[in-house]
Amino acid sequence: MSDLVTCPAAPRLALDGDSRHFPVGRVFCIGRNYADHAKEMGEAAEAIFFTKPASAVSTAPALPYPGETEDLHHEVELVLALGEGGEIIACGTGVDLTKRDLQARLKAKGAPWEIAKGFDRSAPMGALRLGPPPASGAITLSVNGTPRQSGDLEQMILPPAALLQQLARYFTLQPGDLIFTGTPAGVSALLPGDVVSARIDGLPPLDFTLTERR
Ligand code: MN
């Protein structure tokens, strides 16, 4: 039996020090997992979950500034990668790009956030490193060399194990799942031409440039 259409292949992430790749199945995200970021957004520090399509994942070194926003924000995040049985097998550095102006309008209407969070190339990712996630360590993001976000993984309200437990109430976690674990304070707007450098102690780095709008 042949398929009616051919779907685009899933994005694949490189593994640091390993020739294999991690194929991305689904992308789950948690919001408000650092109290200082929840505070800067004027929200209660209560975890909320949302998803991005796998097609949001990008490993390209240059991304076009997306349309339908004048206020694109960066959110640096520890990303967990799940293997057989839904266990964490690797982790890496990601950025949850957010159309903040569009998200604010959706929030005001009580509408879903997908178009502000799950757009194409909204989840730039670095390589993954095999092994458990670090329990502590610096998580930072700079733009054109200027520090914007700085926190420590130990500030997470729901650390990885607790986060997986919460998520598993709603979804059967499976191999290929990525989980963005939330961002510390300091989110701010990006402009075309900006060079973004995201770092988490002990994990492969993530660098990308925003190119002109198209
Ligand atoms: Mn986020």
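What follows draws every value from the coordinates through simple rules; no lab data is involved. Values in this document were obtained by computation on a predicted structure and should not be read as measured data. Neighbour counts run over all protein chains shown; Cβ positions are idealised from the backbone, glycine included.
Note down the relative contact order for segment 113-155 as a percent, whole number, built from C-alpha pairs under 8 angstrom at least six residues apart.
29 percent
Using R₀ = 35 Å, calculate the FRET efficiency as 1/(1 + (r/R₀)^6) where r is the Cβ-Cβ separation of Ser136 and Cys7; round to 0.05.
Details: r = 40 Å, r/R0 = 1.13.
The calculated FRET efficiency here is 0.30.
Starting from the Cα gyration tensor of segment 17-104, take the square roots of the eigenvalues, sort them a ≥ b ≥ c, and report rounded, prolate or oblate (rounded when a/c is under 1.5, otherwise prolate if a/b is larger than b/c, else oblate). It would help to have the intermediate numbers written out before the result.
Working: a/c = 2.23, a/b = 1.34, b/c = 1.66.
Oblate is the answer for segment 17-104, as a/c is 1.5 or above yet b/c matches or exceeds a/b.
Please identify, among Leu72, Leu13, Leu167, the residue showing maximal mean-square fluctuation in a Gaussian network model of the chain using a 10 angstrom Cα cutoff.
Leu167
State whether segment 130-203 is rounded, prolate or oblate according to the following rule on the C-alpha gyration tensor (a ≥ b ≥ c being the square roots of its eigenvalues): a/c under 1.5 gives rounded; otherwise a/b larger than b/c gives prolate, and the remaining case gives oblate.
prolate
Indicate the gyration tensor shape class of the chain (rounded, prolate or oblate), computed on the Cα atoms with a ≥ b ≥ c the square roots of the eigenvalues: a/c under 1.5 is rounded; otherwise a/b larger than b/c is prolate and the rest oblate.
Values: a/c = 1.22, a/b = 1.12, b/c = 1.09.
Rounded, because the longest to shortest axis ratio a/c is under 1.5.
Grab the beta carbon distance between Gln166 and Asp36, set R0 = 30 Å, and tell me the FRET efficiency rounded to 0.05.
Details: r = 20 Å, r/R0 = 0.68.
After rounding, the FRET efficiency stands at 0.90.
So what's the net charge close to Ala185: Lys and Arg +1, Asp and Glu -1, counting the other residues with Cβ under 11 Å from its Cβ? Present the calculation step by step, with values, prior to reporting the outcome.
Numbers: positive: Lys39, Arg148; negative: Asp36, Glu40, Glu75.
Here the count lands on -1.
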